[in-house]
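J.: Supplied in structure tokens, the structure appears directly below.
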Amino acid sequence: MDRRKFLKAGVASVVSASAAPGLIAQEMRAGVIVPVVSASDGRRGDVSTDVDRHLPVEGYVREPSHRIPVVASVDVVVAGGGAAGVAAAVCAARHGASVMLIERMNYLGGLWTGGLVLPVLATHGLGKTKDWDKATGGFCTEICDELLSNGWAVNPKDPTADPEATKYLMDKMIYDAGVKIIYNSTVAGAVMSGSRLDSVLVDCNTGRIAIRCKTAVDASGDGILFHYCGDPYEARRYHMTTLSRVYGVPSTHGPVPGMKTDGTGSREVIDGLDVMLVSATQQKHRMELWERMEQRKKEPGNEKLQLMEVAPTTGIRVTRVLDSIHNVTLEESMEWTEFDDVIGMSGVCDPFEYKGRHISRKERPVWQIPYRSLVPKETANLLVCGRCFGYDQGITWDAREISTCMVTGQAAGVAAAMSAATRTAAKDIDVKNLQKQLREDGVRLDF
């Protein structure tokens, strides 16, 4: 799908949403709020104007020109330390790249750990030769096996992990791989040299700094780096949840005895790029969780219940999605489409509606992810992974799951290392060699 068609599809979704709030007939998972409501085009040199699509703007100020110190030069910068970013950073480093990881929180894992979205779903689906086939491998299997073998996760099919153990394990993997990391820092801009990204600008307590790189990976979840680079994308809206952990539950299937995940959430359309709306909704959720717990403690048998933690990371599921060289479609995912440039596979999450028919989990095929869906159309030395790579609205639920994030993260990391080593544009790397290395690392590519 070219850029014009991609944006046109987003506008068509606006019409559909207006006509029938809450569903888009053939591309809607039952019970999920419309993922696409408005289209947004991040255009090179004009990215700052994107704010007025999400917030009322009263006017403009001009930031004074100033010098920004370059504090490091590396082969690969990875923006975002969630599941996708950790996979990208570790795998890039394992393949010989010097790597700098930028994370806005003071821990790794993103929504997996900080959002308390603990189950690793979409690891299995309907296979061509098996009724229930494992789609994932590589880094995803490595980290899940480590959590399970240490008793830090339960349920091997869809592992549910202890968030603190997962933070520890990710820190250790980053450390062992030799990745440098900057916590408590946010991507604040990009310095371009033609179509190439020269440096990533970062805001931190020290001030604004720059990291020079040969290649970069956007694993931010919100597409913040490709937004600053000026690559086209679609802005999508989705529901928001705020989870918590409750202690004092008599029995639980989770990894920590006596602890259960609880939550609240908005089933309204949420623009995750509207920081005012997100902030107000998060505040509302936090108060609701506390008040609900106080009421539950008054019930017989619940006197010892205790709200231990409200997720520090807001449960925004989808915001910006890249308009990549090839955006994977729902139809391709349902029809066993094979891609010459496949870099991994996704399993399935929940039932959904497709062409007027209810598709159960057992009927939903595993599907291939092409390398082209990680590659922007304009920035030469950038790759995108996690929940903002290029995919159709109809497969949002599977594409944004933690397991799929790690699959795309691993591929992006290895590809970034190859791109940096050869000074080759991301779209021009040797995909056959990439596939060879991914297979050697345990990634499943074939049905």
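J.: From THR252, THR242, grab the single residue that is closer than 30 Å to LYS157 by Cα, at pLDDT below 95 and under 21 Å from the mean Cα position of the chain (by Cα).
T.: The match here is THR242.
J.: If I filter the stretch 424-433 for residues that are closer than 27 Å to GLY230 by Cβ, modelled with pLDDT under 95 and either in a loop (DSSP other than H, G, I, E, B) or in contact with a strand residue (DSSP E or B) (Cβ under 6 Å, 6 or more places away or on another chain) (or both), do I get at least one hit?
T.: Checked against the condition, which is being closer than 27 Å to GLY230 by Cβ, modelled with pLDDT under 95 and either in a loop (DSSP other than H, G, I, E, B) or in contact with a strand residue (DSSP E or B) (Cβ under 6 Å, 6 or more places away or on another chain) (or both), the stretch 424-433 yields no hits at all.
J.: Which one is surrounded by the most Cβ atoms within 10 Å (Cβ to Cβ), of the residues in the stretch 257-270 that are within 30 Å of TRP152 (Cβ to Cβ) and touching a Lys or Arg at 6+ places or on another chain (Cβ under 8 Å)?
T.: THR261
J.: Need at least 3 residues that are over 19 Å from CYS91 (Cα atoms) and over 14 Å from the mean Cα position of the chain (by Cα) per element, so show me which strands (runs of 3 or more DSSP E) inside the stretch 345-411 make the cut, counting only ones lying wholly within it.
T.: Answer list for the stretch 345-411: 352-354, 357-359.
J.: Also, I was wondering about something else. What are the residues in the stretch 108-140 that are hydroxyl-bearing (Ser, Thr, Tyr) and surrounded by 20 or more Cβ atoms within 10 Å (Cβ to Cβ), if any?
T.: Step one: of the stretch 108-140, the residues hydroxyl-bearing (Ser, Thr, Tyr) are 113, 123, 129, 136.
THR113, THR123, THR136 - these are the residues of the stretch 108-140 that are hydroxyl-bearing (Ser, Thr, Tyr) and surrounded by 20 or more Cβ atoms within 10 Å (Cβ to Cβ).
Listed here are the residues, each with its yes/no results for (1) of a type in the set (Gly, Ala, Ser); (2) in a loop (DSSP other than H, G, I, E, B).
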| position | (1), (2) |
| --- | --- |
| ALA188 | yes, no |
| MET192 | no, no |
| LEU197 | no, no |
| ARG212 | no, no |
| SER220 | yes, yes |
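J.: Name the residue, out of LEU273, LEU277, LEU305, LEU322, that is without any contact (Cβ under 8 Å) to a residue 24 or more places away in the chain and surrounded by 15 or more Cβ atoms within 10 Å (Cβ to Cβ).
T.: Sole residue among the options that is without any contact (Cβ under 8 Å) to a residue 24 or more places away in the chain and surrounded by 15 or more Cβ atoms within 10 Å (Cβ to Cβ): LEU277.
Listed here are the residues, each with its yes/no results for (1) more than 30 Å from GLY394 (Cα to Cα); (2) not in a loop (DSSP other than H, G, I, E, B).
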residue	(1), (2)
LEU277	no, yes
GLN295	yes, yes
ASN302	yes, no
THR313	no, no
GLU332	no, yes
GLU338	no, no
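J.: Another question about this same structure. Inspect the stretch 151-161 for any residue being assigned by TED's automatic domain parsing to the domain that holds ILE224, out of contact with any Pro (no Cβ under 7 Å at 6 or more places or on another chain) and closer than 25 Å to ASP222 by Cβ and give the result as yes or no.
T.: Within the stretch 151-161 (the criterion being assigned by TED's automatic domain parsing to the domain that holds ILE224, out of contact with any Pro (no Cβ under 7 Å at 6 or more places or on another chain) and closer than 25 Å to ASP222 by Cβ), the answer is no, since none of the residues qualifies.
J.: Look at SER419 and say whether it is in a helix (DSSP H, G or I), under 16 Å from ARG196 (Cβ atoms) and of a type in the set (Ser, Thr, Tyr).
T.: yes
J.: GLU291: outside the structural domain of VAL375 (by TED's automatic domain parsing) and either among the aliphatic types (A, V, I, L, M) or in a strand (DSSP E or B) (or both), yes or no? Talk me through it step by step, then tell me what you get.
T.: On the way: outside the structural domain of VAL375 (by TED's automatic domain parsing): yes; either among the aliphatic types (A, V, I, L, M) or in a strand (DSSP E or B) (or both): no.
Spelling it out, it is not the case that GLU291 is outside the structural domain of VAL375 (by TED's automatic domain parsing) and either among the aliphatic types (A, V, I, L, M) or in a strand (DSSP E or B) (or both).
J.: Sticking with this one: Suppose we filter LYS427, LYS355, LYS362, LYS432 for residues that are surrounded by fewer than 24 Cβ atoms within 10 Å (Cβ to Cβ), of a type in the set (D, E, K, R) and closer than 19 Å to GLY127 by Cα; which single one remains?
T.: Going through LYS427, LYS355, LYS362, LYS432 in turn, just one is surrounded by fewer than 24 Cβ atoms within 10 Å (Cβ to Cβ), of a type in the set (D, E, K, R) and closer than 19 Å to GLY127 by Cα: LYS362.
J.: Just to be sure, is ALA412 crowded, with 24+ Cβ neighbours inside 10 Å and assigned by TED's automatic domain parsing to the domain that holds THR123?
T.: Against the criterion (crowded, with 24+ Cβ neighbours inside 10 Å and assigned by TED's automatic domain parsing to the domain that holds THR123), ALA412 qualifies.
J.: Here is a list: LEU330, LEU305, LEU322. Which entry is aliphatic (A, V, I, L, M), modelled with pLDDT of 95 or more and touching a helix residue (DSSP H, G or I) at 6+ places or on another chain (Cβ under 7 Å)? Let's see the steps before the verdict.
T.: Details: LEU330 fails: modelled with pLDDT of 95 or more; LEU305 fails: modelled with pLDDT of 95 or more.
Step by step, each of LEU330, LEU305, LEU322 is checked, and only LEU322 is aliphatic (A, V, I, L, M), modelled with pLDDT of 95 or more and touching a helix residue (DSSP H, G or I) at 6+ places or on another chain (Cβ under 7 Å).
J.: Restrict the check to the stretch 398-408 and report whether at least one residue is more than 20 Å from ALA79 (Cα to Cα), in contact with a Cys (Cβ under 7 Å, 6 or more places away or on another chain) and assigned by TED's automatic domain parsing to the domain that holds THR166.
T.: Taking the stretch 398-408 and keeping what is more than 20 Å from ALA79 (Cα to Cα), we get 398.
Pick out the ones that are also in contact with a Cys (Cβ under 7 Å, 6 or more places away or on another chain) and you get 398.
Of the ones still in play, those that are also assigned by TED's automatic domain parsing to the domain that holds THR166 are 398.
Yes, the stretch 398-408 has at least one match.
J.: For the stretch 87-137, what are the residues that are within 30 Å of TRP336 (Cβ to Cβ) and hydrophobic (A, V, I, L, M, F, W, C)?
T.: Correct list: ALA87, ALA88, CYS91, LEU111, TRP112, VAL117, VAL120, LEU121, ALA122, LEU126, TRP132, ALA135.
J.: Considering SER185, SER195, which residue is surrounded by fewer than 17 Cβ atoms within 10 Å (Cβ to Cβ) and not assigned by TED's automatic domain parsing to the domain that holds GLU294?
T.: SER195
J.: Identify all residues within the stretch 340-352 that are out of contact with any Phe, Trp or Tyr (no Cβ under 8 Å at 6 or more places or on another chain) and buried (at least 17 other Cβ atoms within 10 Å of the Cβ); write none if there are none.
T.: Hits for the stretch 340-352 are GLY344, GLY347, VAL348, PRO351.
J.: So for the stretch 180-197 (the condition being within 18 Å of the chain's Cα centre (by Cα) and either modelled with pLDDT under 95 or basic (Lys, Arg) (or both)), does at least one residue qualify?
T.: Within the stretch 180-197 (the criterion being within 18 Å of the chain's Cα centre (by Cα) and either modelled with pLDDT under 95 or basic (Lys, Arg) (or both)), the answer is no, since none of the residues qualifies.
J.: Is it true that LEU23 is among the hydrophobic types (A, V, I, L, M, F, W, C), outside the structural domain of HIS358 (by TED's automatic domain parsing), modelled with pLDDT under 50 and within 26 Å of SER266 (Cβ to Cβ)?
T.: yes
The values are calculated or read from the model by the stated rules, or taken from the named source; none is laboratory data. The structure displayed is predicted, hence computed values, not measured ones. FYI the Cβ positions are ideal-geometry reconstructions off the backbone, even for glycines, and counts take in every protein chain you see.
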